[in-house]
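Notes follow the structure.
The values are calculated or read from the model by the stated rules, or taken from the named source; none is laboratory data. All of these numbers come straight from a predicted model, not from anything done at the bench. These area figures cover heavy atoms from the full protein model, side chains too; ligands, DNA and RNA do not enter into them. Shrake-Rupley method; radii C 1.70, N 1.55, O 1.52, S 1.80 Å.
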Amino acid sequence: MRLLSSTVRRTLSTTCVVGTLAAAAAIPGGTAYAASEQAKPPAICEFRPTPDRPAARPVDLPKAKQKSHGTVDVEIATNYGPMVFRLDRELAPCAVGSLAHLAKADFYDASQCFRLTNSARLGVLQCGDIYRQEEGGPGYEFDDEVTSSLTYPRGTIAMGNQGPGTNGSEFFVVHSFANISPNYTVMGHLLSGFEALDAIVAAGIADTDLDGPPARPVWITDVSVVGQRG
């Protein structure tokens, strides 16, 4: 086996370093971004089957290992128009992984958003239930991903639940504000489609308490992953 000369070794070493730096520079944030992303191990999520609440539509359990970095862009198409959300894997890797998994399985297609609120405390659109409000989940549940510092400004998309550790397919979108305790996993925020969300609110609520079904039904025709980063 012939050994490389010291000059050739130095040339190859310099070329590799330059190539690595150039590749990292192509990523937003350069080498610091690349190094930080690669250093993050996957999240280990516990998706627990719920035999007492079987899946409303056929769907497998998501993978236990989920990315803990990067973003996922999801488009929710409705009869009012499309809404595109950017989901943050670092903020909620299990919830984001689950929603992307359900979207790819067409779980949400042809379903309704059964709840709309517009009170002084809570202004949200609640979706993800296949049968009726809070009924018709994916046949599994998983833990909350919350901190005491969570807030829910306009455009937030977060997981709905029926108590700690009962996340499934239900989610809500804040159309104005939500003065609630930080007990609901935040997945991301609305990028585009505020006009569709505002039109849903403007159509009204079929309840004098301003908490009930939308006056004009809100149909989800399709949920799809339209972009990923990281």
Within straight-line cross-link reach of LYS104, lysines at Cα separation under 21 Å, skipping those fewer than 8 residues along the same chain = LYS63, LYS65, LYS67
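Give me D for the range 187-228 in µm² s⁻¹, whole number, from Stokes-Einstein with Rh from the Kirkwood sum over alpha-carbon pairs, 10 °C and 1.306 mPa s. Let's see the in-between values first.
On the way: Rh = 12.3 Å.
Translational D for this selection: 129 µm²/s.
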Can you pull the accessible area of SER111 for me, 1.4 Å probe, Å² to the nearest 10?
-> 0
If ligands, DNA and RNA are left out, what is the accessible area of GLU90 with a 1.4 Å probe, given in Å² to the nearest 10?
-> 110
Exposure ranking of ARG115, ARG216 by accessible area [1.4 Å probe, largest first] = ARG216, ARG115
Tell me which residues come under 5 Å, amide H to amide H, from GLU145 once H is placed; ignore anything under 5 positions away on its chain.
-> THR185
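When a/c is below 1.5 the answer is rounded, else prolate if a/b is larger than b/c, else oblate, so apply that to the range 96-230 with a ≥ b ≥ c taken from the square roots of the Cα gyration tensor eigenvalues. Please report the intermediate quantities before stating the final value.
Details: a/c = 1.34, a/b = 1.16, b/c = 1.15.
Because its axes are fairly even, with a/c under 1.5, the range 96-230 counts as rounded.
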Where a ≥ b ≥ c are the square roots of the eigenvalues of the C-alpha gyration tensor, would you call the range 36-123 rounded, which needs a/c under 1.5, or, failing that, prolate if a/b is larger than b/c, or oblate?
-> oblate
